[in-house]
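Student: The structure that follows is given in the form of structure tokens.
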Amino acid sequence: MATHHVLLYGKEGCCLCEKAFDALQRLQQSVAFTLETKDITDDPELFRSFRYRIPIIMVDGEQACAVRVDEAKMRTLLA
């Protein structure tokens, strides 16, 4: 079975982004997936697109959650 790739868009100092990262790390203890983070302030286009909607979690290139992490949904998607 292939491992899912999770990409977390956020920025430094964003408390919701930190909570999302913590939730994803908790999920990694029971579900195998790769986790990558991307700071939207490093890319002006990403910043314009996402600045009011972070954190955004992508699973295998598809948006799974925005602003708040639904851990049950994420567990189902990654199982």
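Where a number appears in this text, it was derived from the coordinates with a stated rule and is not lab data. Please read these numbers as outputs of a predicted model, since none were measured by experiment. Cβ: placed from backbone, ideal geometry, glycine included. Neighbour counts: every protein chain shown.
Student: Rounded to the nearest 0.05, what FRET efficiency is calculated for A72 and E45 with R0 set to 30 Å and r the Cβ-Cβ distance? Present the calculation step by step, with values, prior to reporting the outcome.
Tutor: Values: r = 32 Å, r/R0 = 1.06.
According to the calculation, E is roughly 0.40.
Student: Further, regarding this structure: Given labels modelled 7 Å from the Cα in the Cβ direction, how far is it in nm from E62 to R26?
Tutor: 2.5 nm
Student: Enumerate cysteines in the chain without a disulfide-compatible partner, where compatibility requires another Cys Cβ under 4.7 angstrom.
Tutor: Unpaired cysteines in the chain: C15, C65.
Student: Using only DSSP helix segments of four residues or longer, with each worth -39500 (n - 2.57), what per-residue ellipticity at 222 nm results for the chain after dividing by its residue count and rounding to 500? Mind showing how you got there, number by number?
Tutor: On the way: 3 runs with 29 residues, N = 79.
Helix contribution divided over all residues of the chain: -10500 deg cm²/dmol.
Student: Starting at the first residue of region 42-53, write each ³J(HN,Hα) from the Karplus equation 6.51 cos²θ - 1.76 cosθ + 1.60 with θ = phi - 60°, in whole Hz, x for Gly and Pro.
Tutor: 7, 9, x, 5, 4, 4, 4, 6, 10, 4, 9, 10
Student: For percent of Cα pairs over 16 Å apart, pick the label among (i) 44; (ii) 53; (iii) 62 that corresponds to the value derived from the coordinates.
Tutor: Checked against the structure: label (i).
Student: Mind putting a number on the dipole of the chain about its Cα centre? Charges go on the C-beta only, +1 for Lys and Arg and -1 for Asp and Glu, and I need it in Debye to the nearest 20.
Tutor: Details: 10 positive and 12 negative charges, 58 e Å.
Dipole magnitude for the chain comes out near 280 debye.
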